[in-house]
Amino acid sequence: MNHKLVRKISLCLFFFTLAPLILALSLLSLRGGKKQFGVIAPSLYAAVPESAGQVSGVFATDDARPVMVRKYLEKYNSPLLPYAKLILSLSEKYQVDFRLPLAIAQCESNVCKKIPEDSFNCWGFENGATKFNSWEHALERVFATLKTGYIDKGLVTPEQIMPKYAPPSVEKGGPWAKCVSQFLKEME
């Protein structure tokens, strides 16, 4: 056999045997490797941390309802604006959606701007015949009445409330319920 041919074959065998071994050892040395399942496994990216860690912190959310009530009452220039906090407090006390009394007041009196003189009655109680001593007294009574006289009896939607609250509206196709529903949606 030719000496040059033996030399070329030897170099090829040496290259194809040793090159993969050196490449494997180089890859292992990039991060030092980890022993997994009894074998040293290569770690390819030295800059990648062992663990990504954990994001921690406190996420706080604010209650948007005070802003919603205030903006709604401001928008309609309602005399109830100074009572926005009371409205929310009574909503929680009686478990009544704060929007319901406001929507009813919108339909009955343009959010308390068109009421019988000195009545504080912008919800149309007894067709406006009921007179309250103050806005605080009126709001307390409205929330309590909606809770005990309607919601506790399963009357929760404007359509369910209407036959008892505004019976003449039923005969006219339900404009009262449509009005209340419209203003409830406006406050969503």
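Read-outs: derived from the displayed coordinates by stated rules, not from any lab. Everything numeric here is computed off the predicted structure, so don't read it as measured data. Virtual Cβ from ideal backbone geometry, glycine too; neighbours counted across all protein chains shown.
Ignoring lysines fewer than eight residues from Lys75 along the same chain, the ones with Cα atoms less than 30 angstrom from its Cα are Lys85, Lys93, Lys113, Lys114, Lys131, Lys147, Lys164, Lys172, Lys178, Lys185. Comparing Cys122, Ser109, Met68 along the charge dipole axis of region 65-186, the residue lying farthest to the positive side is Met68, per the Cβ-charge model. Label-to-label distance for Glu117 and Phe16 is 11.2 nm, based on points extended 7 Å past Cα in the beta-carbon direction.
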